[in-house]
Amino acid sequence: QVQLVESGGGLVQAGGSLRLSCTASGRTFSSYAMGWFRQGPGKEREFVTTISSSGGSTTYADSVKGRFTISRDNAKNTVYLQMNGLKPEDTAVYYCAARRAVRSEYAAAYNYWGQGTQVTVSS
């Protein structure tokens, strides 16, 4: 069982930056691929980015490529999402997720989810 807790959300002006963190419980964090997803108002949950268990491979949605960076520190059981150049359309609840397999862009592939953290970008 893995428990995930996100933090770092908030209100930021367009063009600004935020860094989200997701800390996992347990001693097998390094065995899990991690993903970030988001759900905007009135929208379905969508893929943002994912990182392999080792941190050596990443994938990004086209909408965030070049602006967002995912990273992880397995010694701290934490995955990060650095968000730069934020836009109003990035406003959403951001969720981290874990799966004990290769990374995936599909929400249904993930077994464990955090409670989410709100990111609001004002214009």
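The values are calculated or read from the model by the stated rules, or taken from the named source; none is laboratory data. Predicted, not measured: the structure shown is a model, and the values here were computed from it. Every residue, glycine among them, receives a Cβ derived from its backbone with ideal geometry; neighbour counts consider all protein chains shown. We work out accessible area using only protein heavy atoms, side chains counted, and drop any ligands, DNA or RNA first. Shrake-Rupley method; radii C 1.70, N 1.55, O 1.52, S 1.80 Å.
In terms of solvent-accessible area of protein heavy atoms at a 1.4 angstrom probe, what is the ranking of Glu89, Glu46, Glu6, highest value first? Show your work: numbers first, answer last.
Working: Glu89 110, Glu46 75, Glu6 10 Å².
Highest to lowest solvent-accessible surface, that is Glu89, Glu46, Glu6.
The mean accessible area for residues of the stretch 7-123, using a 1.4 Å probe and ignoring ligands and nucleic acids, is 49 Å² per residue.
Counting only protein heavy atoms, what percent of the accessible surface of the stretch 2-94 is carbon or sulfur at a 1.4 Å probe? Can you show the working numbers first?
Details: 1960 of 4350 Å².
Summing carbon and sulfur atoms, their accessible area is 45 percent of the total for the stretch 2-94.
Placing Lys87, Lys76 in order of accessible area, with the largest value first and a 1.4 Å probe, yields Lys76, Lys87.
So what is the diffusion coefficient of the stretch 30-123 in µm² per second by Stokes-Einstein at 10 °C and 1.306 mPa s, using a Kirkwood Rh over Cα pairs? In µm²/s, the coefficient rounds to 119. A quarter of the convex hull surface defined by the alpha-carbon atoms of the stretch 71-123 gives 4.6 nm² as the mean projection. Figure note: Tyr94, Tyr60 ranked by solvent-accessible area, largest first, 1.4 Å probe, ligands and nucleic acids not counted: Tyr60, Tyr94.
Can you give the net charge of the other residues whose Cβ lies under 14 Å from the Cβ of Gly10, counting K and R as +1 and D and E as -1? Walk me through the intermediate numbers first.
Numbers: positive: Arg19; negative: Glu6, Asp90.
Around Gly10, the charge tally is -1.
Annotation: lysines with alpha-carbon distance below 18 angstrom to Lys87 (same-chain offsets under eight excluded): Lys43, Lys65. For Cys96, the shell of other residues with beta-carbons less than 12 Å away shows a net charge of +2, using +1 for Lys and Arg and -1 for Asp and Glu.
Applying 1/(1 + (r/R0)^6) with R0 = 25 Å to the Cβ-Cβ distance of Gln1 and Tyr106, what FRET efficiency is obtained, to the nearest 0.05?
On the way: r = 21 Å, r/R0 = 0.86.
Given R0 = 25 Å and the Cβ-Cβ separation, E is 0.70.
Scaling against 2.2 N^0.38 Å puts the C-alpha radius of gyration of the stretch 1-55 at 1.33.
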